[in-house]
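**Q** What follows is a single structure, and I will ask about it in a moment.
FYI, it's all coordinate maths here, none of it is from the lab. Note that this is a predicted model, so its numbers are computed, not measured. Please note: Cβ atoms are built from the backbone with ideal geometry, for glycine as well, and neighbour counts cover all protein chains shown.
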Amino acid sequence: MEHVDVVVIGGGQSGLATAHALRKQGLAPVILEASGQPAGSWPRYYDSLTLFSPAARSSLPGLPFGGDPDRYPHRDEVVSYLLRYAELLDADIRTGMRVQEVRMSDGAFVLTLETGERMMARGIVAASGTFGRPHRPALPGLDDFTGTVLHTAEYRS
C-alpha cells in the first residue's frame, strides 16, 4: 500500500488550488482525478458557459488568468487555464483515479480506489464537487409531464 502526505480528491479548480496551498505548507499532495484530465467537470459543462466574474477575479493562486482582465472567460478558456495551471503545479496529479471509499485506520486515512488499489494518507481533502452525481429531486407533476426534463449535468447547448 502506498503511503502519502495528503490526498486531494478532485482535480478541478478547488483541488488544484488546494494542492497549491498544501505545497506552500511544505506538503506533497497527490491529486486523484476521476476523469482523464485535471480540469474537473469543466470540460463537460454546457457549451455557452461563461464565468460570472471577470478574468481578473477568476485566477487561482500563483497564475494570473491572462488576457483582458475585464472579460468573462468562456468554458473552453477555463479548461485551458486549468490544464495550464495543473502543468505548472508542483504536485503529483493522477487522472483516471476514482475513489470508492475513505476510512480511518490506526490514525490514518485509507483510500480504496475503483481499481481496487489502496493508499494511506495522513490527510484528505474532498474537492470532488457534485457534477458527477447530480441530485434529481422529486418534483410535483413530473410523472405527468410529457416534455423533456434535463438536469444541468445533461445540458450541452
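**Q** By the gyration tensor of its Cα atoms, with a ≥ b ≥ c the square roots of the eigenvalues, what is the shape of the chain: rounded for a/c under 1.5, prolate for a/b over b/c, or oblate?
**A** On the way: a/c = 2.58, a/b = 1.20, b/c = 2.15.
Oblate.
**Q** Let me know the shape class of segment 77-157, please: from the alpha-carbon gyration tensor, a ≥ b ≥ c as square roots of the eigenvalues, rounded when a/c is under 1.5, otherwise prolate if a/b is greater than b/c, or oblate. Numbers along the way, then the final one.
**A** Details: a/c = 3.35, a/b = 1.56, b/c = 2.14.
In terms of gyration-tensor shape, oblate.
**Q** If we sort 110-116, 131-137, 2-8 on the protection proxy, mean other Cβ atoms within 10 Å, highest first, what's the order? Intermediate values should be presented prior to the final figure.
**A** Numbers: 110-116: 14.0, 131-137: 9.7, 2-8: 17.9.
Packing order, densest peptide first, comes out as 2-8, 110-116, 131-137.
**Q** Something else now. Hey, got a sec? Which chymotrypsin sites (Phe, Trp or Tyr not before Pro) in segment 1-76 land in a DSSP loop and have at most 16 other Cβ atoms within 10 Å?
**A** Details: sites: TYR45, TYR46, PHE52, PHE65; in loops: TYR45, TYR46, PHE52, PHE65.
Filter output for segment 1-76: TYR46, PHE52.
**Q** Give the long-range amide H neighbours of VAL125: residues separated by 5 or more places, or on another chain, with amide H under 5 Å away, using H modelled in the peptide plane at 1.01 Å from N.
**A** Close amide H contacts, sequence-distant or interchain: VAL7, VAL8, ILE9.
**Q** May I ask what percent, to the nearest 5, of DSSP beta bridges between residues of the chain are antiparallel? Present the calculation step by step, with values, prior to reporting the outcome.
**A** Working: 12 of 27 bridges.
Antiparallel bridges make up about 45 percent of those DSSP assigns within the chain.
**Q** Moving on. Quickly estimate the mean residue ellipticity at 222 nm for the chain, helices only: each DSSP H run with n ≥ 4 gives -39500 (n - 2.57), and the total goes over all residues, rounded to 500. Walk me through the intermediate numbers first.
**A** Details: 2 runs with 26 residues, N = 157.
Rounded to the nearest 500, it is -5000 deg cm²/dmol.
**Q** Taking 8 Å as the Cα distance limit and 6 or more residues as the minimum spacing, I'd like the relative contact order of the chain as a percentage. Please list the in-between numbers first.
**A** Values: 276 pairs, mean separation 49.7, N = 157.
Reported relative contact order: 32 percent.
**Q** A follow-up question, please. Which FRET efficiency value, to the nearest 0.05, do you get for THR112 and PHE145 by plugging their Cβ-Cβ distance into 1/(1 + (r/R0)^6) with R0 = 30 Å?
**A** Details: r = 40 Å, r/R0 = 1.33.
It comes out at approximately 0.15.
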